[in-house]
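I have placed the structure first, in the form of structure tokens, so that the comments after it can refer back to it.
The values are calculated or read from the model by the stated rules, or taken from the named source; none is laboratory data. Since this is a predicted model, take the numbers as computed values, not measurements. All Cβ positions, even for glycine, are placed from backbone atoms using ideal geometry, and neighbour counts span all protein chains on display.
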Amino acid sequence: MEEFETSLKTELMKHDVYDIDITECGKEPTWIPASLVSSGDKISVFDDHFGTVGSLVKTHDGKLAFISAAHVLGEGNFAMVQKCESDNPVYVGKCIWSQHVNVPFYDLLDLSLVQLKDNVENQIENLGKHQHIDGRWFRYIMYEGEFEDILGNKVYKIGACTGYTNGIIASNEFFPDPKNEKVIIGEAWIVEPLEESEPFMKEGDSGSMVYIFKRPNDPPIQFISMAQAQGRDTEAKKSLTSALKHSIDRYESSTQKTIQVNFSES
């Protein structure tokens, strides 16, 4: 209770809320079953700010966790997941690592890691699998190849704001402002929407996984988890995605700890 109270007050002070009293009610908090936490779920934050659950992973010590975007969840934040708009947000775990780096021309990192609570972490049933919009579950792996090999490929994502959208990998030239010259980021790719009237993503989709449609020569898996949705050029409806492999490598290099993203068939 003391840790929770301290963390909550710290978070509220960021929003200029200081005069608060927290009373312990004597009841255990309600936790959403981890088996119900999945890619695409809404992560609720203060002031109607929200993001999206990315991929379920395992930490170096075998704990279950999920990844999202650092500008959605900061280190120490309690993660609250909302399965649908009619549900109340419920706590599922705590963000144990978060780093946001955005250096034009050569670097992009926007990754957070949320460790699930002990009383739900053993209930995950679909590690390494993703539920498609048609309800079927498909196995995925993290893409570790070259950008040139997937240029022009069709992709899709399921985000907390816009849901299921289709796109195409267009380039690695990003225009953060239409008035500025192009910015080339080596570990990020640009996705353009297939439907011209709708963007590939909007605010609130940050953290969601971007999946490549299965190609003829791919291994016997249905989809490949490619990247994390991060932001978009509003005028051109172009979305920026960061290479997931790059983000995971940066985490492991800075912490000397591993994250397991790929899982074999069980």
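When Lys9, Lys58, Lys63 are checked against the criterion of being closer than 25 Å to Gly204 by Cα, out of contact with any Gly (no Cβ under 6 Å at 6 or more places or on another chain) and at pLDDT 85 or above, a single residue qualifies: Lys58.
Could you please give the count of residues in region 240-266 that are assigned to a helix (DSSP H, G or I), under 19 Å from the mean Cα position of the chain (by Cα) and polar (S, T, N, Q)?
Looking only at region 240-266, we keep the residues that are assigned to a helix (DSSP H, G or I), and these are 244-255.
From what's left, under 19 Å from the mean Cα position of the chain (by Cα): 244-252.
Now drop any that are not polar (S, T, N, Q), which leaves 247.
Here the count works out to 1.
Would you call Leu108 within 15 Å of the chain's Cα centre (by Cα), hydrophobic (A, V, I, L, M, F, W, C) and at pLDDT below 80? Yes: the conditions hold for Leu108.
Glu121 passes every criterion in (1) buried (at least 17 other Cβ atoms within 10 Å of the Cβ); (2) at pLDDT 75 or above apart from (2). Taking region 136-164 as the range and being closer than 14 Å to Trp189 by Cα, of a type outside the set (Lys, Arg) and not in a helix (DSSP H, G or I) as the test, the residues that pass are Tyr143, Glu144, Gly145, Glu146, Ile150, Leu151, Gly152, Asn153, Val155, Tyr156.
Residues are listed down the side, and each one gets a yes or a no for (1) modelled with pLDDT of 85 or more; (2) buried (at least 20 other Cβ atoms within 10 Å of the Cβ); (3) of a type in the set (Phe, Trp, Tyr):
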| position | (1), (2), (3) |
| --- | --- |
| Ser206 | yes, yes, no |
| Arg215 | no, no, no |
| Ala227 | no, yes, no |
| Glu235 | no, no, no |
| Thr241 | no, yes, no |
